[in-house]
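The values are calculated or read from the model by the stated rules, or taken from the named source; none is laboratory data. These figures come from a predicted structure and were not determined experimentally. Here Cβ is always computed from backbone atoms with ideal geometry, including for glycine, and neighbour counts include all displayed protein chains.
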Amino acid sequence: MSSTATPGWFHGKPDKNAQNFLKEVDRYIILSDLKTEAAKVIVFSTLLSAGSIADLWWTKLDSSKKTTWADVQKEFASRWPVITIAEKTGLNYQREILALCLDKEELGMQVVVAGVPTWVHLQFHAWVQQLISEAGMNATAGLVYQVRENLPMVIKELTTPGVTEWTKFLEEIKGLDMNKLREKAEAGRKKREVEKAQNARLDSKVCRQMQSKSYTCNSNAAILEQHSQESQCRTPQPIHLPMQCLAYATYPEHQRPDHQHDNANHSHQKRKRYCAAESTTSCISQTQPRASLYMKNNLSSGSRSMGKTVESMKTHSSLSGWAAQ
């Protein structure tokens, strides 16, 4: 009796499976070889944690229901009923069977199951056999073809195509020749490694080409953007006219020096006027195309615009005489 493990305290918490506690008490009673009903009931009551929900329930329970172990079990199951198990349906089993697969990279290798080494395809065989045993072999007979189609090509080459019975299919999986399986699996892995390396080189080449094209496009875009910014930031340059031209343009017409000369020098003044007009025209023609806009904006403080000023300088008769002074 001393060698029998005593069950743990029972609190009656909802997150614990109460039926497990009842089974532990029942096992303890059997192993301890308790014969009397009173001894069985007393052992049960001493395993209820003091001040817990279970202890309060036991205190309030009618004494007439505490006489036999069978009555106690009945009342306990009424207070903490058995949790209903959600059983799998036929559809659930079908989904699980179809979800089983073998990794082609693991074929011919060993795995450890419950501390025992076994082959990968034999572990797959055990999974399928367990599921069809639970679901029923007849209920899942139509899934044999689909399960075989989901297997790696190596397994399909070593098994009979068109099998419709689970028994024959599982026998072929279990009886596969390990030498052939490992040889074919290794050859397949080497082939995939070569293809992977080739694809990696091809992807790298394509990536470099795309990067080169992207760099060219970015360079062109940067050049266009730079030209655009330069054209937007470029400001018109001022026009550098001779000082006598600008000074003459600011004079009112009745105060210009041409009215202060005699008519005797008319022919001489005419020749100089022609030379001064030619000099002014040459000065204006050498300026930038935006000169007219700048002249209109900067010389508008005078009596007239730049265009009128230039025209006045060309046509007025006293320009050459005043410039000579």
Picked from the stretch 134-147 (must be not aliphatic (A, V, I, L, M) and not in a helix (DSSP H, G or I)), the residue modelled with the lowest pLDDT is N138
Result of the Cβ filter at 7 Å on the stretch 95-111, keeping first residues that are exposed (fewer than 15 other Cβ atoms within 10 Å of the Cβ) and partners that are in a loop (DSSP other than H, G, I, E, B), at least 6 apart or interchain, is C101/N150
Flag if L131 is in a helix (DSSP H, G or I) and either touching a strand residue (DSSP E or B) at 6+ places or on another chain (Cβ under 9 Å) or surrounded by 14 or more Cβ atoms within 10 Å (Cβ to Cβ) (or both):
yes
Of those in the stretch 151-168 that are within 19 Å of D103 (Cβ to Cβ) and out of contact with any Leu (no Cβ under 7 Å at 6 or more places or on another chain), the residue surrounded by the fewest Cβ atoms within 10 Å (Cβ to Cβ) is M153
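To keep it simple, each residue is scored yes or no on (1) on the phi > 0 side of the Ramachandran plot; (2) exposed (fewer than 11 other Cβ atoms within 10 Å of the Cβ); (3) out of contact with any Phe, Trp or Tyr (no Cβ under 6 Å at 6 or more places or on another chain); (4) at pLDDT 90 or above.
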| position | (1), (2), (3), (4) |
| --- | --- |
| S2 | no, yes, yes, no |
| D55 | no, no, yes, yes |
| K60 | no, yes, yes, yes |
| K65 | no, no, yes, yes |
| E75 | no, no, yes, yes |
| A114 | yes, yes, yes, no |
| P117 | no, yes, yes, yes |
Here the residues within the stretch 112-128 that are touching a residue at least 24 places away in the same chain (Cβ under 8 Å) and outside any helix (DSSP H, G or I) are W119
Test: residue in the stretch 170-192 that is over 41 Å from the mean Cα position of the chain (by Cα) and in contact (Cβ under 8 Å) with a residue 60 or more places away in the chain: yes
